[in-house]
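Colleague: Here it is: the structure, laid out below.
No lab work stands behind these numbers, since they all come straight from the coordinates. None of these values were measured; they are calculated from a predicted model. Quick reminder, even Gly has a Cβ in these numbers, built from the backbone with ideal geometry, and neighbours come from all protein chains shown.
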Amino acid sequence: KRATLQLDPRRQVAPVRPRLFGSFVEHLGRCVYTGIYEPGHPTADGDGFRTDVLALVRELGATTVRYPGGNFVSSYRWEDGIGPVEQRPARLDLAWHSLETNAVGVDEFMRWAGKAGIEPIMAVNLGTRGVEAALDLLEYTNHRGGSHYAELRRANGVDKPYGIRMWCLGNEMDGPWQVGRRSASEYGRLAGQTASAMRRFDPGLELVACGSSHSGMPTFGDWERDVLMEAYDQVDYISLHAYYHQAGDDLASFLASAEDMDRYIDSVVAIADAVGAVKRSRKKIMISFDEWNVWYQRAAASVPPSGEDWPVAPRLLEDRYNLADAVVVGGLLISLLRHSDRVTAACQAQLVNVIAPIMTEPGGPAWRQTIFHPFAQTARHAKGVVLDARPAGSTVDTARFGEVGAVDAVATWDEQARGGTVFLVNRDTSEEAEVTVEVTGETVEVVECATVSGPDPYVDNTLDAPDRVRPLPNDRVTRSDTGLTVTLPPVSWTILRWA
Ligand code: AHR
């Protein structure tokens, strides 16, 4: 297979948005308890946070973390998680049929966020609660002092306000599984009211309205339109969520999952802009793709406990990822990057243990899943601006998307460093692809080329063999007068850095 990618540093889509490399910590399974927080673990710091996990979070390069849910937030009382830990109530978590001890709450999360060097994205409960609880939480986190909740925060040992900028107005409010599910117009009105009340405190907040839970929802499209008809002027973002998995033996369609993500983003942008046109608004609604990943949702591991069983931090959604999953994650990052003009925030769901790049054992090690690597490399090397370029060349046939390019790619250009990076996937299941990268007006030298690949797309990383799938130097790059030519193995993800 062959493809050509023609790059011109003057043809730019948008700046690389740091918030594109966000993640997600939900009170779900072992994401919080024995994930980020495990007092008594040999690496735990004085606050009970696992420093081995913190080191991997930094290496991953996550820039933001959405918290505390997810479905969890829709019946969460944030006040349960503040003050002396021994006085906090245990509660039933109805989303995941678990017992929430509330040992970790907003203050612990914010302390952890400071240590991890990430920006928090806070979600408010619009399932069982509404405007008032959202305002109380905002006062607790963001007001300097002199009022009830601000003084409570200070009494809890945090003198300065946290100044949280970005807030999600509920979670997946269209989903039948959601506690407090609402119709689009009900939710849109509540989101608009909550947003305008929060803006009375701080007009500069960045507020996210819930879009559909995924593009296959029966109300997809109508939901976005109706919510934005109610809340367009009050919110800045609409959220998108998407999870992908291989169906049966259809590896080819799975590898092309970014085609679905591209169409989904384009559709929601079109709907948002149509609402904007109807409203004669000059404002543009941005996309917060605040849940995306590979998730084998039908696996037994995703079924919550039931009946009398309300465990604390059970093993839930602990998907093990293989090489193909890593290539798909790399492809999804390419899709997000090429939409940087409208997708200005995104969160891979989730960060630790729950459909996560980082895994832990209670009392034991923390390790990297296969999907860790494309995320970490893209977060590290996507700098400057995203270039407007798509590869042209050979195609592959897929049952789900028809004929698609065998190679997908996106490129970034860092004017200051006068260097660029190309992120590439070869979606062919059996053939190599030779890709020529030409850069208009530049003579280019290779700085680094690394590839995630292997003879078996289904090989995974495990606790005992955590490095089976990882980036390795790719020396099959040649330079000519017109550019660089790199050979990509079948089912692979590559970065090619040049200057
Ligand atoms: O990320 C896991 C779950 O997926 C989240 O709680 C929910 O928002 C989505 O359905």
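Colleague: Roughly speaking, what is the stretch gain from residue 249 to residue 395, that is 0.36 nm per residue apart minus the C-alpha to C-alpha distance, in nm to one decimal?
Modeller: On the way: separation 146, 0.36 × 146 = 52.56 nm, distance 1.96 nm.
Extending this stretch completely gives an extra 50.6 nm.
Colleague: Kindly rank 209-221, 1-13, 324-336, 352-364 from highest to lowest mean number of other beta carbons found within 10 Å of each residue. Write down the numbers at each step before the final one.
Modeller: Values: 209-221: 20.4, 1-13: 18.1, 324-336: 27.4, 352-364: 22.4.
In decreasing order of mean packing, 209-221, 1-13, 324-336, 352-364 become 324-336, 352-364, 209-221, 1-13.
Colleague: Next up: So, counting K/R as plus one and D/E as minus one, what does the shell of residues with Cβ under 12 Å around residue 301 add up to?
Modeller: Numbers: positive: 30, 298, 315, 320; negative: 318, 319.
Net charge in that neighbourhood comes out at +2.
Colleague: Using C-alpha positions alone, give me the convex hull volume of segment 17-381 per residue in cubic angstrom.
Modeller: Details: hull volume 47.2 nm³, N = 365.
Dividing the Cα hull volume of segment 17-381 by its residues yields 129 Å³.
Colleague: Same structure again: Between segment 143-179 and segment 36-65, what is the C-alpha centre distance in whole Å?
Modeller: Cα centroid to Cα centroid, the span is 22 Å.
Colleague: Now for a different question. What distance in nm lies between label points placed 7 Å from Cα along the C-beta direction at residue 181 and residue 416?
Modeller: According to this spin-label approximation, the distance is 4.8 nm.
Colleague: Put a dot 7 Å past each Cα toward the Cβ at residue 388 and residue 440; how far apart are the dots in nm?
Modeller: For residue 440 paired with residue 388, the spin-label model returns 1.0 nm.
Colleague: Here's another thing I want to ask about it. Please give the peptides 121-131, 67-77 ranked by average Cβ packing (other Cβ atoms within 10 Å per residue), highest first, as a rough proxy for protection. Present the calculation step by step, with values, prior to reporting the outcome.
Modeller: Details: 121-131: 22.5, 67-77: 25.0.
Top to bottom by mean Cβ count within 10 Å: 67-77, 121-131.
Colleague: Measuring from label point to label point, each 7 Å out along Cα→Cβ, what is the residue 47 to residue 315 span in nm?
Modeller: 2.9
Colleague: Given the rule -39500 (n - 2.57) for each run of at least 4 DSSP H residues, summed and divided by the residues of the chain, what is its mean residue ellipticity at 222 nm, to the nearest 500 deg cm²/dmol? Could the numbers behind the result be given before it?
Modeller: Numbers: 10 runs with 122 residues, N = 499.
Value at 222 nm, helices only: -7500 deg cm²/dmol.
Colleague: If a/c stays under 1.5 just call it rounded; otherwise compare a/b with b/c (prolate if a/b is bigger, oblate if not). Do that for segment 64-135, with a ≥ b ≥ c from the square roots of the Cα gyration tensor eigenvalues. Don't skip to the end; give the middle numbers.
Modeller: Numbers: a/c = 1.57, a/b = 1.19, b/c = 1.32.
In terms of gyration-tensor shape, oblate.
Colleague: Would you mind ranking 289, 109 by Cβ crowding within 10 Å, fewest neighbours first?
Modeller: In increasing order of surrounding Cβ atoms, one gets 109, 289.
Colleague: Specify whether the C-alpha gyration tensor of segment 387-498 places it in the rounded, prolate or oblate class, a ≥ b ≥ c being the square roots of the eigenvalues: rounded for a/c under 1.5, otherwise prolate if a/b is larger than b/c and oblate if not. Numbers along the way, then the final one.
Modeller: Working: a/c = 2.07, a/b = 1.32, b/c = 1.57.
Oblate, because a/c is 1.5 or more while a/b does not exceed b/c.
Colleague: OK, next. Quick one: putting +1 on the C-beta of Lys and Arg, -1 on the C-beta of Asp and Glu, what dipole do you get for the chain around its Cα centre, in Debye to the nearest 20? Show your work: numbers first, answer last.
Modeller: On the way: 50 positive and 67 negative charges, 252 e Å.
With Lys and Arg at +1 and Asp and Glu at -1, about 1220 debye.
Colleague: Taking the Cβ of residue 196 as the center, what net charge do the other residues with Cβ under 15 Å away carry, scoring Lys and Arg +1 and Asp and Glu -1? Walk me through the intermediate numbers first.
Modeller: Details: positive: 189, 199, 200, 283; negative: 132, 202, 206, 230, 233, 236.
Residues close to residue 196 contribute a combined charge of -2.
Colleague: Fewest to most neighbouring Cβ within 10 Å: what's the order for 181, 88? Display every interim value, and only then the final one.
Modeller: Details: 181 15, 88 18.
By the 10 Å Cβ count, ascending, the order reads 181, 88.
Colleague: So for segment 1-77, what percent of the C-alpha to C-alpha distances run longer than 18 Å? Numbers along the way, then the final one.
Modeller: Numbers: 1754 of 2926 pairs.
In whole percent, the long-distance tail amounts to 60.
Colleague: When you count, for each residue, the other Cβ atoms within 10 Å and take the mean per peptide, how do 487-498, 387-398, 459-470 rank with the highest first? Mind showing how you got there, number by number?
Modeller: Values: 487-498: 24.2, 387-398: 17.5, 459-470: 15.4.
Ranking, from highest mean packing down: 487-498, 387-398, 459-470.
Colleague: A further question follows. To the nearest 0.05, how large is the calculated FRET efficiency for residue 233 and residue 148 if R₀ is 25 Å and r is the Cβ-Cβ distance?
Modeller: With R0 = 25 Å, the Cβ-Cβ based efficiency is 0.25.
Colleague: Moving on. For the Cα atoms of the chain, what angle does the longest principal axis make with the long axis of helix 106-116, in degrees from 0 to 90, nearest 10?
Modeller: Orientation of helix 106-116: about 30 degrees from the principal axis.
Colleague: Could you list 159, 45 in order of exposure, starting from the residue whose Cβ has the fewest other Cβ atoms within 10 Å? Could the numbers behind the result be given before it?
Modeller: Working: 159 8, 45 14.
Ascending Cβ contact count within 10 Å gives the list 159, 45.
Colleague: Taking square-rooted eigenvalues a ≥ b ≥ c of the alpha carbon gyration tensor, is segment 1-150 rounded, prolate or oblate, where a/c under 1.5 means rounded and, failing that, a/b exceeding b/c means prolate? Don't jump to the answer; show the numbers that get you there.
Modeller: Numbers: a/c = 1.98, a/b = 1.58, b/c = 1.25.
The shape class here is prolate.
Colleague: How high is the FRET efficiency between residue 222 and residue 10 when r is their beta carbon distance and R₀ equals 45 Å, given to the nearest 0.05? Don't skip to the answer; put the middle values down first.
Modeller: Values: r = 40 Å, r/R0 = 0.89.
Taking R0 as 45 Å, the efficiency between residue 222 and residue 10 is 0.65.
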